[in-house]
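Peer 1: Sharing a structure, written as C-alpha cells. Questions coming.
The values are calculated or read from the model by the stated rules, or taken from the named source; none is laboratory data. Computed from a predicted structure; not experimentally measured. Here the Cβ positions follow ideal geometry from the backbone for every residue, glycine too, while neighbour counts run over all protein chains shown.
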Amino acid sequence: MSRSYRVAILGATGAVGKELIELLATRNFPLADLKLLASPRSAGTTLSFKGETLRVESTDTSSFQAIDLVLASAGGNTSKALAPRAVASGAIVIDNSSAYRMDPNVPLIIPEVNPQEVHQHQGIIANPNCTTILMNVVVWPLHQVQPIKRIVASTYQSASGAGAKAMAEVISQSRDVLDGKQPNPEVFPYPLAFNLFLHNSPMTATGYCEEELKMINETRKIFGDSSIRITATCVRVPILRAHSEALNLEFHQPLSADKAKMLLQQAPGVRLVEDWQNNYFPMPIEASGLDEVLVGRIRQDLSHDCGLDLWLSGDQIRKGAALNAVQIAELLISS
Ligand code: A2P
C-alpha cells in the first residue's frame, strides 16, 4: 500500500499558502492529515480543502509534532525561527523563504532542472526565488544543449511576490486613482497602480537590490555552475500575480532561434506562445493560473552572433512558489 503523509502548511492564509492548499487538493497529494498554520491573527479562521472546512491554528514550537512534511511560506524570519524546530520534530521542511537558499547544506531545487539533488537534504529543502524559477525553467533546456555564458535579465514583477496584502493594495489603489483620490501606499513604498518602480527588496552595497542578487546567486547554485555571468534589473509593475521577464542570452557558441524554439517546445514546464503576425506573445494575464511558464518572441540578437532574446510570463504564486514546492514534495515521496 502506498504511504500517505501528515502535512502542515506554515503561512496557510497567505497568497502562496492558499495556492498550496489548492494544489494539494487538485494534484491529489497523498495526505493522512493537513494542518493549517498561520500567525495568531488568523487562529480560528477557516479555509476549505476538498469541500471540508479546516480551522487555521496559531503556530508555536509544538505545532510540528507528528508532522512528516512542512510546506513553509510565512517569510524568512518565521522560517529561521521555526524550520529547525520542525526538523527537530522529525519533519522535512520545504521552505519558500530566502532564509536557507544559499546554505551549502540545503538543496535549492527546481524539479525541471536539478531533481537529483532533492535527497541531499538534512531536513530543509529550499524553494528558489520566484523570478529565478521562472527564468531557469526556460533557460535550463537551452543551457543543456548550448552552454550559456551570460544572461541579461529585465523583469516586470507582479504584486503577488510581496504577498496577499500587496495584491489587495494594487486593487484598492487602482480604485482610488479612478475615483480621483490619492493612492495610499502601505505595503509598498510607493503607489504601484498606474506606476512602476525598481524592485523594493533591500538595496545592497553592490548597487543591486537583493532580488537581483538572488537571480544571480541562486541560478549559479541551481545550475551548479559558478562561471555563468548574470546581470538583472528587477522592476515591480501593477500586475496581480504573474511575472514577466525579457532575457538576453549569450551562448559560448551560436544557437539558432529555430533550434531554441524546438528545444523549448519539448521542455517540461514550458509552453511556446508565438503568433508573430498578430504580435501575440506571452502575457501575464494569460500566464495567471497556469502551471507552465509561457515563452515566446525568441529571436536572434542582432548585436551578437551568439545571442538570443526571448520573453516569458509565468504565474509567480504557482510555478514561482507553490507549484514548485508541491513538485519538490512529489519528488521527495516518489523515490
Ligand atoms: P497571517 O495571515 O495570520 O498574518 P503573505 O506572504 O501572502 O503576506 O502571507 C504570509 C503568511 O505568513 C500568512 O499566512 C501569515 O499569517 C503567515 N505568518 C506571518 N507571520 C507569521 C508567524 N509569526 N507565524 C506563523 N505564520 C505567520
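To keep it simple, each residue is scored yes or no on (1) at pLDDT below 95; (2) within 16 Å of the ligand (Cβ to nearest atom); (3) farther than 25 Å from C209 by Cβ; (4) surrounded by fewer than 16 Cβ atoms within 10 Å (Cβ to Cβ).
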residue: Q116; (1), (2), (3), (4): no, no, yes, yes
residue: P141; (1), (2), (3), (4): no, no, yes, no
residue: S154; (1), (2), (3), (4): no, no, no, yes
residue: A162; (1), (2), (3), (4): no, yes, no, no
residue: E169; (1), (2), (3), (4): no, yes, no, no
residue: Q173; (1), (2), (3), (4): no, no, no, no
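Peer 1: Restricting to the stretch 5-30, name every residue that is buried (at least 16 other Cβ atoms within 10 Å of the Cβ), outside any helix (DSSP H, G or I) and either small (G, A, S) or away from the ligand (no atom under 14 Å from the Cβ) (or both).
Peer 2: Listed by number, the residues that qualify are Y5, R6, V7, A8, G11, A12, G14, F29.
Peer 1: To continue, here is another question. Working only within the stretch 8-28, note down all residues that are of a type in the set (A, V, I, L, M, F, W, C) and in contact with a helix residue (DSSP H, G or I) (Cβ under 7 Å, 6 or more places away or on another chain).
Peer 2: I9, L10, A12, A15, V16, L20, L23, L24
Peer 1: Follow-up. Quick one: would you say L54 is surrounded by 20 or more Cβ atoms within 10 Å (Cβ to Cβ) and either in the same structural domain as H119 (by TED's automatic domain parsing) or more than 15 Å from the ligand (Cβ to nearest atom) (or both)?
Peer 2: Against the criterion (surrounded by 20 or more Cβ atoms within 10 Å (Cβ to Cβ) and either in the same structural domain as H119 (by TED's automatic domain parsing) or more than 15 Å from the ligand (Cβ to nearest atom) (or both)), L54 does not qualify.
Peer 1: Using beta carbons and a limit of 6 Å, which pairs, at least six apart or on different chains, have the first residue in the stretch 153-180 and closer than 12 Å to I239 by Cα and touching a residue at least 12 places away in the same chain (Cβ under 8 Å) and the second one among the hydroxyl-bearing types (S, T, Y) and within 9 Å of the ligand (Cβ to nearest atom)?
Peer 2: Correct list of pairs: M167/S160.
Peer 1: Related question: Yes or no: D291 in the same structural domain as V138 (by TED's automatic domain parsing), surrounded by fewer than 22 Cβ atoms within 10 Å (Cβ to Cβ) and under 13 Å from the mean Cα position of the chain (by Cα)?
Peer 2: Criteria met by D291.
Peer 1: Now, a different point. Whether any residue in the stretch 185-193 is β-branched (V, I, T) and loosely packed, with under 14 Cβ neighbours inside 10 Å is what I want to check.
Peer 2: no
Listed here are the residues, each with its yes/no results for (1) surrounded by fewer than 22 Cβ atoms within 10 Å (Cβ to Cβ); (2) part of a helix (DSSP H, G or I).
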site	(1), (2)
T61	yes, no
L71	no, no
A74	no, no
L82	no, yes
M102	yes, no
E112	yes, no
H119	yes, no
I125	no, no
I133	no, yes
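Peer 1: Can you confirm whether the stretch 220-233 contains a residue that is modelled with pLDDT of 95 or more, under 30 Å from M262 (Cβ atoms) and under 15 Å from the mean Cα position of the chain (by Cα)?
Peer 2: Within the stretch 220-233, one or more residues are modelled with pLDDT of 95 or more, under 30 Å from M262 (Cβ atoms) and under 15 Å from the mean Cα position of the chain (by Cα).
Peer 1: Moving on to the next point. Can you confirm whether the stretch 207-219 contains a residue that is within 16 Å of the ligand (Cβ to nearest atom) and among the hydroxyl-bearing types (S, T, Y)?
Peer 2: no
Peer 1: Quickly run through the stretch 31-45 and pick out the residues that are on the phi < 0 side of the Ramachandran plot and either of a type in the set (A, V, I, L, M) or within 11 Å of the ligand (Cβ to nearest atom) (or both).
Peer 2: Within the stretch 31-45, L31, A32, L34, L36, L37, A38, S39, P40, R41, S42, A43, T45 meet the criteria.
Peer 1: Next question. Name the residues in the stretch 264-275 that are in contact (Cβ under 8 Å) with a residue 40 or more places away in the chain and either surrounded by fewer than 19 Cβ atoms within 10 Å (Cβ to Cβ) or not in a helix (DSSP H, G or I) (or both), would you?
Peer 2: The answer is Q266, A267, P268, G269, V270.
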